[in-house]
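Each remark here refers to the structure printed beneath this line.
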Amino acid sequence: MRATELAHLILQRAVKPGAWAVDATVGNGYDTLFLAHCVGPTGRVFGFDVQETALAAAAQRVHGLPQVTLYHSGHERLVEHLPADAKSRLAAVMFNLGYLPGGDHSIVTRAETTLTGLGHALGYLAAGGLMTLVLYPGHPGGADEAAAVRDFAQHLPADYAVTQHTRINALHQAPELLVIERTA
Ligand SMILES: C[S@@+](CC[C@H](N)C(=O)[O-])C[C@H]1O[C@@H](n2cnc3c(N)ncnc32)[C@H](O)[C@@H]1O
């Protein structure tokens, strides 16, 4: 099973109708659509991406779903966009790092902005809320970013539980899923 599918499987348990969630890297909108279905019309999904082309594709995918709001902005600036009452309210935050499949491979997530975004986003998780991060150590620059994110996650205090899921046979530098649960 791919890391992205595993993230969906794990999040299905936590993200219920009426919940609020963030897609920190909207891309083509598959994760946004998944979250929108989980939260239903009474919930909310806030999505961020730096690429207009990605947001245009995503907007078509989630067309007509009132629970979705998309921002043309980096996730490092999510504090400027999320409503104040989103604090400690999010059931899920998804980061799917790297570049847009089928898009410009030079536009990639970067360790510095990823760490800023994920650090801020942690403050928006509800108790029991989950953050998923799909890391791609095989992409150019991806190994450094993955190492920085792992290091950050490993040093989180005990209010968070961090698990790592990756393939350990055969595939060199396999994609990896980190799941951070806010436990308290
Ligand atoms: C692997 S793709 C995401 C795939 C997407 N979740 C989906 O379901 O189709 C990574 C995305 O991150 C975006 N990105 C890069 N830097 C970003 C940043 N600072 N903030 C938000 N998105 C960013 C890229 O433009 C790209 O669309």
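The values are calculated or read from the model by the stated rules, or taken from the named source; none is laboratory data. Values in this document were obtained by computation on a predicted structure and should not be read as measured data. Reconstructed Cβ throughout: ideal geometry from the backbone, glycine too, with neighbour counts over all protein chains shown. Note: accessible area is taken over every heavy atom of the protein model, side chains too, but ligands, DNA and RNA are not part of it. Shrake-Rupley method; radii C 1.70, N 1.55, O 1.52, S 1.80 Å.
Screening THR166 against (1) more than 16 Å from the ligand (Cβ to nearest atom); (2) more than 21 Å from GLU80 (Cα to Cα); (3) free of Cβ contacts under 8 Å to residues at least 40 places away in the same chain leaves a single unmet condition, (3).
Applying the set (1) within 11 Å of the ligand (Cβ to nearest atom); (2) closer than 28 Å to ASP144 by Cα; (3) in contact with a strand residue (DSSP E or B) (Cβ under 8 Å, 6 or more places away or on another chain) to LEU35 leaves exactly one unmet item: (2).
Test of understanding: among GLU112, GLU5, GLU52, which residue is within 13 Å of the ligand (Cβ to nearest atom) and over 21 Å from HIS139 (Cα atoms)?
GLU52
You will find that of LEU130, LEU78, the residue that is crowded, with 22+ Cβ neighbours inside 10 Å and closer than 21 Å to ALA3 by Cα is LEU130 and no other. The listed residues are ALA146, ALA170, ALA158, ALA111, and the only one of them that is of a type outside the set (Phe, Trp, Tyr), touching an Asp or Glu at 6+ places or on another chain (Cβ under 8 Å) and open to solvent by 20 Å² or more (accessible area, probe 1.4 Å) turns out to be ALA111.
Set side by side, the residues GLY119, GLY102 differ, and just one is over 13 Å from the mean Cα position of the chain (by Cα) and either within 25 Å of ARG167 (Cβ to Cβ) or free of Cβ contacts under 8 Å to residues at least 40 places away in the same chain (or both), which is GLY102. For the range 136-148, what are the residues that are in a helix (DSSP H, G or I) and closer than 19 Å to LEU171 by Cβ? Matches in the range 136-148: GLY142, ALA143, GLU145, ALA146, ALA147.
Given the condition free of Cβ contacts under 8 Å to residues at least 24 places away in the same chain and either within 11 Å of the ligand (Cβ to nearest atom) or over 14 Å from the mean Cα position of the chain (by Cα) (or both), answer yes or no: does some residue in the range 85-92 qualify? Yes, the range 85-92 has at least one match.
When GLY103, GLY74, GLY64, GLY123 are screened for being touching a helix residue (DSSP H, G or I) at 6+ places or on another chain (Cβ under 9 Å) and closer than 24 Å to LYS16 by Cβ, only GLY123 passes.
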